[in-house]
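Data block below; observations after.
The values are calculated or read from the model by the stated rules, or taken from the named source; none is laboratory data. In this text, all values refer to a predicted model and were calculated from it rather than measured experimentally. Here Cβ is always computed from backbone atoms with ideal geometry, including for glycine, and neighbour counts include all displayed protein chains.
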Amino acid sequence: LGIARTYALVANYLQARKLRIPIIVTPVSSQDAFWIIIQPHLTRFRNVPGLRTAVTFGYHSWAQNERHRPHQKYGNVFAIVSPKRTEIVVNDPVVAVEVQSHYKTWLKPGPLYEIFDTFGPNVISLNGEDWQRHRRIVNPAFREQNNKLVWNESLRQARQMIRVATERPGAHQTMLDVRNDCVLIAMHVLSAAGFGHVHDFDGGFREIPEGHSTSLAEALKFLLQNIIFAVLFKELAVLRWIFPALYRQIRDMTEEFRQYMKEVIAYNRAITLGGGTSYSADIVSALVEADEAAKADQKSAASAIGITAKPMHLTDAELLGDLYVFNLAGFETTANALTYTIPFLAINRDVQDWAGQEIDAVLKGRDMERLSYEDVFPSLVRCLALMYETLRLWGPVPNTERWCVGESTTLRVGDKELLVPPETFVSLNLYAVHCDPQWWGKDALEWKPQRWIKVDPKTGKEAIALPHPGATFIPWSVGPRVCPGKKFSQLEFVAVIAALLKDYRLKPLALDGKTKEQASSALLDVVEDSMNIITPKMRRPEDAGVVFVRK
Ligand code: HEM
């Protein structure tokens, strides 16, 4: 094995030299299943000479920790060479947009996207015609009625969450409470707007219905927390013997989840087929409707032209795969944006007042729940700016990978022209693209939502500003594969933040007799000490927190 790995490393190195860009050589990679398990235990040795490169660049989300710093040393494009596939890392706004937009040339690499395939190939992981077929069915699900539902349910959940939070002793929340609350809000919004099941914040979604042994919330949380192991168990069967209890649990939770989703599909299909009066606003019913319509179109096309056309609809197994990634992408990302915004707000009272002024001016003392989302949401641009700024610094995706297949493809990065060999990863370092001072200026690493607001000099009206000249902002991706849940997540985020800042202000929780300054810096330390499981996660969320104070 050692000889084979050394041979692969040397061969990859010789191949990478042809690219004429700086090269980082590491004996292990985040593509090595065994290293994924060992690496987290070695992080404290990252400064030991000889281990630094392997520990740093062998982490699948190294871009979250290192951001633009490696590029200061190696330039805006460099290669990481290991015995596995070579990774070309790019920090360039133009290339990031170009590669994500040209989805037919730069494909999502199968080996990296199989992490989303627990329940089968789906709209996130597929490429080519299959992806188009999925996306055609998925797009109509995010329609206008759905936006209203997302807004109303987010307000309802936020109000209930605030009641629970302010009833905690001293209205104090550790970041663990904050995270759990944001996850619950996002799960409930997704449950109502995604699946048509409305629950109250307190209790609801955590209950276990008949025929199940775990709540959907628990099953989902467990699967996401262990998503990497689910893949590793598939790849390295020996791990099933080393971690038998975890393997059994993952298998059982997978079955639970599958059962829940089958019930959701069967329920919606029965309604859709039962008379067509089901035009409801949630995503799954729209998905099933669109799927049934595609089947009907296909039947009539077949009878008109007399041949059986290529299927345009999705099978139940494919719908299941899509529902899983909706679950995953649909709550975890927005929950995270909320979780990471709250500590920054608590530290920056001036920003809370700035956003609060906007909320007061828009609501004019009226009850938010009585106003329609069309009247309120477009005016809450400062609240949206909070989301932009948190996603810029702590977006869910630190780096995103693509590859070309079949033949080598030219990629121009600045003044360099690279001929990228097929099946070589091109890794877009989004954290560098989003916070490198060369693109964003000296205050690039500071959380400053005001940077997103521009004022019309004639009307005085505020709107979201374009990013810094030369920079780009693409946390929802861009082009035909842009996130279909972009507006869904914006509505949810703005509704929750507006409901909170309408009546409350946040301040850092002073644990163990800490001063205000010490509490702020403890909060910032907890945020900075993050890892990444699908999205950034604080390692020590119980070590700091926030207090809700009535305005
Ligand atoms: C803050 C919130 C969110 C962010 C930052 C975000 C970000 C992203 C990004 C970066 C991608 C592209 C991933 C890639 O290139 O592989 C993506 C794709 C996707 N997202 Fe989101 N997302 C968010 C919320 C949501 C929500 C609420 C949903 C659904 C309810 C959703 C569903 C999807 C789906 C289905 C795709 C795959 C699209 C395709 O490949 O055609 N996302 N999202």
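Taking first residues from region 108-120 that are in contact (Cβ under 8 Å) with a residue 60 or more places away in the chain and closer than 9 Å to Tyr324 by Cα and partners that are of a type outside the set (Gly, Ala, Ser) and assigned to a helix (DSSP H, G or I), the Cβ contacts under 6 Å between residues at least 6 apart in sequence or on separate chains come to Phe116/Val325; Phe119/Leu320; Phe119/Tyr324.
Can you tell which of Glu263, Glu255, Glu218, Glu210 is without any contact (Cβ under 8 Å) to a residue 40 or more places away in the chain, assigned by TED's automatic domain parsing to the domain that holds Asp291 and not in a helix (DSSP H, G or I)?
Residue meeting the stated conditions: Glu210.
Look through Pro469, Pro508, Pro457 and report the one residue that is surrounded by 22 or more Cβ atoms within 10 Å (Cβ to Cβ) and more than 16 Å from the ligand (Cβ to nearest atom).
Unique residue meeting the criteria: Pro508.
Summed over region 472-489, residues that are touching a residue at least 60 places away in the same chain (Cβ under 8 Å) and either away from the ligand (no atom under 16 Å from the Cβ) or farther than 24 Å from Asp443 by Cβ (or both) total 11.
Rundown of residues vs (1) under 22 Å from the mean Cα position of the chain (by Cα); (2) away from the ligand (no atom under 11 Å from the Cβ); (3) not in a helix (DSSP H, G or I), yes/no style:
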site: Tyr113; (1), (2), (3): yes, no, no
site: Val123; (1), (2), (3): yes, no, yes
site: Asn152; (1), (2), (3): no, yes, no
site: Leu155; (1), (2), (3): yes, yes, no
site: Ala158; (1), (2), (3): yes, yes, no
site: Arg163; (1), (2), (3): no, yes, no
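Only one of the numbered conditions (1) among the basic types (Lys, Arg); (2) in a helix (DSSP H, G or I); (3) free of Cβ contacts under 8 Å to residues at least 40 places away in the same chain is not met by Arg366, and that is (2).
A single member of Pro422, Pro378 is surrounded by fewer than 22 Cβ atoms within 10 Å (Cβ to Cβ), at pLDDT 95 or above and closer than 28 Å to Tyr74 by Cα, and it is Pro422. Taking the listed residues Phe331, Phe425, the one that is assigned by TED's automatic domain parsing to the domain that holds Ala141 and within 16 Å of the ligand (Cβ to nearest atom) is Phe331, with no other qualifying.
Going through (1) crowded, with 21+ Cβ neighbours inside 10 Å; (2) without any contact (Cβ under 8 Å) to a residue 40 or more places away in the chain one by one, Ala346 falls short only on (2). Taking the numbered list (1) surrounded by fewer than 23 Cβ atoms within 10 Å (Cβ to Cβ); (2) more than 28 Å from Gly441 (Cβ to Cβ); (3) within 16 Å of the ligand (Cβ to nearest atom) in turn, Phe326 passes all entries but (1).
Does region 181-195 contain at least one residue that is modelled with pLDDT under 90, in the same structural domain as Ala519 (by TED's automatic domain parsing), of a type in the set (Ser, Thr, Tyr) and in a helix (DSSP H, G or I)? Yes, some residue in region 181-195 is modelled with pLDDT under 90, in the same structural domain as Ala519 (by TED's automatic domain parsing), of a type in the set (Ser, Thr, Tyr) and in a helix (DSSP H, G or I).
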